[in-house]
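Following: one structure in structure tokens, then a few remarks.
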Amino acid sequence: MPVLEDAISTTSVSSSVGKKRPELDKFYTPSVLADELVNLATVNPTSVADFAAGTGNLLAAALKKWPNALLYANDVDADAIRQAGERLPLAEAWSADFLSSRFHAHNASEVQGWSIILLNPPFSQREAPVHVPLGRHSGLRCSRSMAFVMTAVQYLSADGQLLAILPSSTLLNKIDQTARAVLQSNYLVEVVREPAYGLFEGADVSTYFLRISARDRPAFLSETRKGDLQSWKITRGNISIARAHRRNARTCGWVHTTGLNKGGISHRYEFPAEAYGKIAPAGSILLPRVGRFGVDKIVLVDRDHGEHISDCIFAIGHSTRDPEFIVDLLKSNFSQLQTFYGGTGAPYITRDRLYAFLAEMP
């Protein structure tokens, strides 16, 4: 089966969908499509969830194929969920916006995850062009449908699969570029039905089927890599001066995240009196502890006396590896590094999360 990027050349997307059919997000999955999607599963589930279930067409197909599986349904439309509950033996039904803290507060105890997750998420971007996944991938910005996927994968069991019907725009648009890279880095991702028009009657949109397998994702902090952590050193800066009191310096001063630009240090700030704070030694690599950033903010310290760093910066180093080689590794694995940043406000990474990421680098 082709992986995500292999289907790009066959994709065609209409930009007029939202204008012509503003009700598109209420087009539920036809039974023929539901059966086809369910039959693409390669695991035998004990539980099946649909977080944008509508009246339950996908779960109805799942029930035919796996009559003993527990079914879970969620949809923002309470009336639709009521209808799903009337036609299906649901283990649980819930009505909430899947991309809301309310949903995740209700399901926080679902630590084992579901065997199979089925999704036909909303496609429309009418309300906002950019959406934010919840949970581990909250540092991402992506389309609405991709935000559903990036949030849902966190609810997969260790050997589970997610099967989704998505707009073909998610294969090539710029807004989902990072999300696609994150999926490729962490899961086995396959396009199992090529992009095509006409799958939804009356909807002028091209769609495709995506299968994501959690069982083939890279191990998180595997036992064989834990021993490598003693070779890494992470230093967090401790200089904190309010923005209103910062004064630009030329060559001497302390470094903040705003000074990490284009792979180097563009400017420093003056100390209020004598120099103080933690120093990142020469050969260490600086990266932001908090905030959204690009690869240009990964900076190698090349000053012999090092750099004084703010509390918004981590400095990392390795006892044996060449610093420039580490910089290249960080940049080449940047899409995965971003997934370790999270939080409800500005994305941030903890020392433990950073150690976990470093342990998994090649």
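At-a-glance table
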read-out: Full-stretch length increase - LYS65, ARG250 - with 0.36 nm per residue and alpha-carbon distance subtracted; value: 59.8 nm
read-out: Phi-based couplings in Hz for the stretch 97-102 (Karplus 6.51, -1.76, 1.60; Gly and Pro marked x); value: 5, 4, 8, 10, 5, 4
read-out: Simple label model, 7 Å out from Cα along Cβ direction - GLU324 to ARG82, nm; value: 6.8
read-out: Simple label model, 7 Å out from Cα along Cβ direction - ASP296 to LEU188, nm; value: 3.9
read-out: Violating pairs (Cα-Cα greater than 28 angstrom) within the set LYS174/LYS262; LYS174/LYS297; LYS174/LYS331; LYS174/LYS233; value: LYS174/LYS233
read-out: Amide H contacts under 5 Å for ASN261, placed H, 5+ residues apart; value: SER266
read-out: Accessible surface ranking that places the most exposed of GLU86, GLU194 first, with a 1.4 angstrom probe; value: GLU86, GLU194
read-out: Average projection area in nm² (convex hull over Cα atoms of the stretch 69-209, one quarter of hull surface); value: 9.1
read-out: Relative contact order for the stretch 25-167, counting Cα pairs under 8 Å that sit 6 or more residues apart, in percent; value: 25
read-out: Amide proton proximity set for LEU188, modelled H, under 5 Å, gap of 5+; value: SER213, ASP216, ARG217
read-out: Relative packing of 346-358, 160-172, 293-305, which averages over residues the other C-beta atoms within 10 Å, highest first; value: 160-172, 346-358, 293-305
read-out: Efficiency of FRET from Cβ geometry, GLU92 and ARG243, R₀ 45 Å, rounded to 0.05; value: 0.45
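The values are calculated or read from the model by the stated rules, or taken from the named source; none is laboratory data. All figures in this text were calculated on a predicted structure; none of them were measured in a lab. Note: ideal-geometry Cβ built from the backbone for every residue, glycine included; neighbour counts use all protein chains shown. Side chains included, ligands, DNA and RNA excluded: accessible areas come from the protein's heavy atoms. Shrake-Rupley method; radii C 1.70, N 1.55, O 1.52, S 1.80 Å.
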